[in-house]
Amino acid sequence: MKARVFSGVQPSGDLHIGNYLGALKNWVRIQYDYESIFCIVDLHAITIYQEPAALRAKIEEIAAIFLAAGIDPKHSAIMVQSSVPAHAELAWMLTCVTPVGWLERMTQYKMKAESQETVGDGLLQYPVLMAADILLYQAAIVPVGEDQRQHLELTRDLAQRFNSLYGDTFVMPETHLPTVGARVMGLDDPEKKMSKSASGSGHAVALLDPPVQARKKIMRATTDSLPAVDFDNLGAGVANLLGIFQALSEWPENRMKKHFAGMRYGELKKQVAEMVISHLEPFQKRYHEITSEAGYVASILREGAERVAPIADATVELVKKRMGLYTLS
Ligand code: TYM
């Protein structure tokens, strides 16, 4: 049996090139080496208020983005978290073995909590639900961007804690980061991670941005006071643009250096924009084909949930037995 891969995206904003380079691109590349499950984590999204109609629409949009990016539904399951109730069930069981202190230490929790007037309990429990997503499928590999590394460490700690309390139950998942593009920074502020929720029209290139708009955002990206690329003295903004180019082109380091050393920033931005657009255009064409077929995305999501539910249910049954909860079979 092939080892399993699991990863997910929150349907909480417009997917951007950071999500693509940090996660999706890697998923597409490795999907056939594993039994692959890719999830739209709607239960995670509601840890912060989402307008219901927008959330509902966003879920199918993201499924179509997975497909357009190259996830093959014949091989990989594409599913929505809330369609498989076992995610929430296992999350509760794991909650009961999670020290609150572990959760209060999470940097994403601290950052998100800061911007909320009232902090919902779900925000604190967020990483436990994420651990449940992964452990439910006994996933060996979790391909994510750099910002999820701490959550993955917590997942491993929880698996270890559960295994030592109740006996060997969970596979230890490994974090799988891309070598380039694991942390794409905001175009307007290269000190901040490119984020779905950040406001500001120049912050992120969304995967569904019209090419004209994508070009504009890149041409306006923040650089520094130097005139041209100096690899011995790379500012964060220039390094970010080079990283985006390299992740998309897959050029090796030495070719990057040879090509870009001494290039003026205006020209650099032009070339980055062209590289981004050459990926966006065919992607968006596929996206529009996929979404023009009524009912297609919904059928993929139904099939995905049906395919993975037996795996999830078997884990919940096993965990119940381990913990001494009552089972009917
Ligand atoms: P989310 O929805 O914030 O992001 C989805 C994926 O995109 C990556 N990513 C980035 N990579 C590079 N540069 C960036 N600026 C950037 N921004 C985001 C993220 O690392 C992620 O891989 N908690 C997760 C969703 C989740 C999950 C899971 C992931 C829930 N359960 C189980 C893996 C396994 C999240 O909010 O991702």
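See the values below:
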{"read-out": "One residue from LEU55, LEU124, LEU90, LEU129 being of a type outside the set (Phe, Trp, Tyr) and in contact with a Phe, Trp or Tyr (Cβ under 8 Å, 6 or more places away or on another chain)", "value": "LEU124"}
{"read-out": "Residue pairs meeting the criteria (Cβ under 9 Å; at least 6 apart or on separate chains; first more than 13 Å from LEU94 (Cα to Cα) and in the same structural domain as LEU135 (by TED's automatic domain parsing), in the range 315-329; second open to solvent by 50 Å² or more (accessible area, probe 1.4 Å) and in a loop (DSSP other than H, G, I, E, B))", "value": "GLU317/SER329"}
{"read-out": "Options ALA23, ALA77, ALA91, ALA54: the member that is modelled with pLDDT of 95 or more and touching a Leu at 6+ places or on another chain (Cβ under 7 Å)", "value": "ALA91"}
{"read-out": "Condition broken by ASP133, with the remaining ones in (1) surrounded by fewer than 20 Cβ atoms within 10 Å (Cβ to Cβ); (2) among the acidic types (Asp, Glu); (3) in contact (Cβ under 8 Å) with a residue 40 or more places away in the chain satisfied", "value": "(1)"}
{"read-out": "Elements of type helices (runs of 4 or more DSSP H) in the range 72-120, at least 3 residues being exposed (fewer than 15 other Cβ atoms within 10 Å of the Cβ)", "value": "100-104, 107-114"}
{"read-out": "Residue count, the range 38-56 (criterion: within 15 Å of ALA132 (Cβ to Cβ), open to solvent by less than 40 Å² (accessible area, probe 1.4 Å) and not in a loop (DSSP other than H, G, I, E, B))", "value": "3"}
{"read-out": "Within the range 173-216, tally of residues that are in a helix (DSSP H, G or I), of a type in the set (A, V, I, L, M, F, W, C) and in contact (Cβ under 8 Å) with a residue 60 or more places away in the chain", "value": "1"}
{"read-out": "Within the range 154-172, tally of residues that are more than 10 Å from the ligand (Cβ to nearest atom), among the polar types (S, T, N, Q) and in contact (Cβ under 8 Å) with a residue 12 or more places away in the chain", "value": "2"}
{"read-out": "Boolean, ASP188 is modelled with pLDDT of 95 or more, open to solvent by 10 Å² or more (accessible area, probe 1.4 Å), charged (D, E, K, R) and at negative phi", "value": "yes"}
{"read-out": "Residues of the range 60-70 that turn out to be buried (at least 18 other Cβ atoms within 10 Å of the Cβ) and in contact with a helix residue (DSSP H, G or I) (Cβ under 6 Å, 6 or more places away or on another chain), as a count", "value": "6"}
{"read-out": "Count of residues meeting criterion [touching a residue at least 60 places away in the same chain (Cβ under 8 Å) and among the hydroxyl-bearing types (Ser, Thr, Tyr)] in the range 47-94", "value": "2"}
{"read-out": "Residue among ALA45, ALA63, ALA53, ALA69 that is more than 11 Å from the chain's Cα centre (by Cα) and more than 24 Å from ASP147 (Cα to Cα)", "value": "ALA53"}
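Listed here are the residues, each with its yes/no results for (1) within 9 Å of the ligand (Cβ to nearest atom); (2) closer than 26 Å to ALA88 by Cα; (3) outside the structural domain of GLN125 (by TED's automatic domain parsing); (4) in contact with a His (Cβ under 6 Å, 6 or more places away or on another chain).
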{"position": "VAL9", "(1), (2), (3), (4)": "yes, yes, no, no"}
{"position": "LEU15", "(1), (2), (3), (4)": "yes, yes, no, no"}
{"position": "GLY18", "(1), (2), (3), (4)": "yes, no, no, no"}
{"position": "LYS25", "(1), (2), (3), (4)": "no, no, no, no"}
{"position": "ILE30", "(1), (2), (3), (4)": "no, no, no, no"}
{"position": "TYR34", "(1), (2), (3), (4)": "no, yes, no, no"}
{"position": "ILE37", "(1), (2), (3), (4)": "no, yes, no, no"}
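The values are calculated or read from the model by the stated rules, or taken from the named source; none is laboratory data. Quick caveat, the model's predicted, so the values are computed rather than measured. Ideal geometry is used to build each Cβ from the backbone, glycine not excepted, and the neighbour counts take in all protein chains shown. Only protein heavy atoms, including side chains, enter the accessible area calculation; ligands, DNA and RNA are left aside. Shrake-Rupley method; radii C 1.70, N 1.55, O 1.52, S 1.80 Å.
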